[in-house]
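No value in this document is a laboratory result; all are computed from the given coordinates. For clarity, every value in this text was computed on a predicted model and none was experimentally measured. Virtual Cβ from ideal backbone geometry, glycine too; neighbours counted across all protein chains shown.
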Amino acid sequence: MAFSFKKLTADASTAFNRAKQFTGEQLGTAEKTEYDAQFENLALRADKTKLWTEKILKQSETVLEPNPAARVEEFVNQTLDMKRDRVTNHELLGQYMIEAGNEFGPGTAYGSVLVKCGQTELQIGTTEKEYIQETNNKFLTPLRTFLEGDMKTIMRERKVLETKRLDLDAAKSRLKKAKTQEAHTSAEAEVRVAQSEFDRQTEVTKLLMEGISSAHANHQRCLGEYVEEQMKFYAKSHQLMQQLNRDMATYV
């Protein structure tokens, strides 16, 4: 119990010192340790990578599924590991055309054309499903994994580093204000410990941010696979529509 109370008191004191240091920096009354240029460049690149990866991922999801409600449903199904074969818009259109063609009569010119168009729309819908699945596996999933894994780790370690930096600067401030030899000696020891922890956390964070170069290379490869899947989808769709167009000419 005594240990818990002591630890609680120490944690509260540390939090207070950090808040006091932060407030002093905002008011311009406290000195702040600056990160070196290399670290700042790495941090800036990390921020840009996070921002644009999130935007590209979100817009890619919108391109594949423009309906927000359908995207939410798909997310819930993935979260609950419920695999449901959702009908695409092309497939739904194809079903309607075939049903309408049969209703009007497949032996009539209009009815037979509707059935033919519907069959092509169903094929395009199947092709679209394959395209969406492959794009999700080869492009979107790696981006999500990066944001939920490496990028979250980087942001967490940067936050830890900032607390270490506040601890260091708070210790330096106390050293400057020490008026007795005993207080000075104690403050010097605190600065040494804080400096050591700050330097160690800086290196950890820097190494993680340097890893973004590998992430960029991986994302470039995934982007190439996405382009290939998109090309295959449009090529297949174009092929199907060309055949439908030739078939339609026979009904004129």
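Looking at segment 144-252, which chymotrypsin sites (Phe, Trp or Tyr not before Pro) are in a loop (DSSP not H, G, I, E or B) and have at most 16 other Cβ atoms within 10 Å? Display every interim value, and only then the final one.
Numbers: sites: PHE146, PHE198, TYR226, PHE233, TYR234, TYR251; in loops: TYR251.
Here the sparse-neighbourhood loop sites are TYR251.
Straight-line reach only, C-alpha to C-alpha below 16 angstrom: list the aspartates and glutamates that LYS206 could link to, leaving out same-chain residues fewer than 8 apart.
Candidates past the 8-residue exclusion: GLU34, ASP36, GLU40, ASP47, ASP150, GLU157, GLU162, GLU197.
Express in nm, to one decimal, how much length is gained between LYS159 and GLU228 on full extension, taking 0.36 nm for each residue of separation and deducting their alpha carbon distance.
21.0 nm
Which aspartates and glutamates, on any chain, are close to LYS138 with Cα under 16 Å apart, when same-chain ones fewer than 8 places away are left out?
Within the straight-line cut-off, LYS138 pairs with GLU61, GLU128, GLU130, GLU225, GLU228, GLU229.
What FRET efficiency would be calculated for the residue pair ALA15, GLU210, taking the C-beta separation as r and a Förster radius of 35 Å, to the nearest 0.05?
0.70
Of the listed peptides 85-91, 109-115, 167-173, what is their order by residue-averaged count of other C-beta atoms within 10 Å, with the highest listed first?
Final packing ranking: 167-173, 109-115, 85-91.
Picking from GLN195, LEU240, LEU175, whose Cα lies most toward the positive end of the charge dipole for segment 154-252 (charges on Cβ: Lys, Arg +1; Asp, Glu -1)?
The residue sitting farthest along the positive end of the dipole is LEU175.
Report the gain in length on full extension from GLN38 to SER186: 0.36 nm times residue separation, minus Cα-Cα distance, nm rounded to one decimal.
Extending this stretch completely gives an extra 50.0 nm.
Could you tell me which residue out of VAL113, THR127, GLN220 lies farthest along the dipole of segment 104-252 toward its positive end? Charges go on the beta carbon: Lys and Arg +1, Asp and Glu -1, centred on the Cα centre.
Towards the positive end, the residue furthest out is GLN220.
Work out how much length SER196 to SER60 would gain on full extension: take 0.36 nm times their residue separation and subtract the Cα-Cα distance, in nm to one decimal.
On the way: separation 136, 0.36 × 136 = 48.96 nm, distance 4.38 nm.
Using 0.36 nm per residue and subtracting the Cα-Cα distance, I get 44.6 nm.
If I take R0 = 41 Å and measure r between the Cβ atoms of ARG45 and GLN243 in this structure, what FRET efficiency does the formula 1/(1 + (r/R0)^6) give, to the nearest 0.05?
0.30
Given +1 on the Cβ of Lys and Arg, -1 on the Cβ of Asp and Glu, and no further charges, what dipole in debye does segment 185-252 carry about its Cα centre, rounded to the nearest 20?
Its charge dipole is roughly 520 debye.
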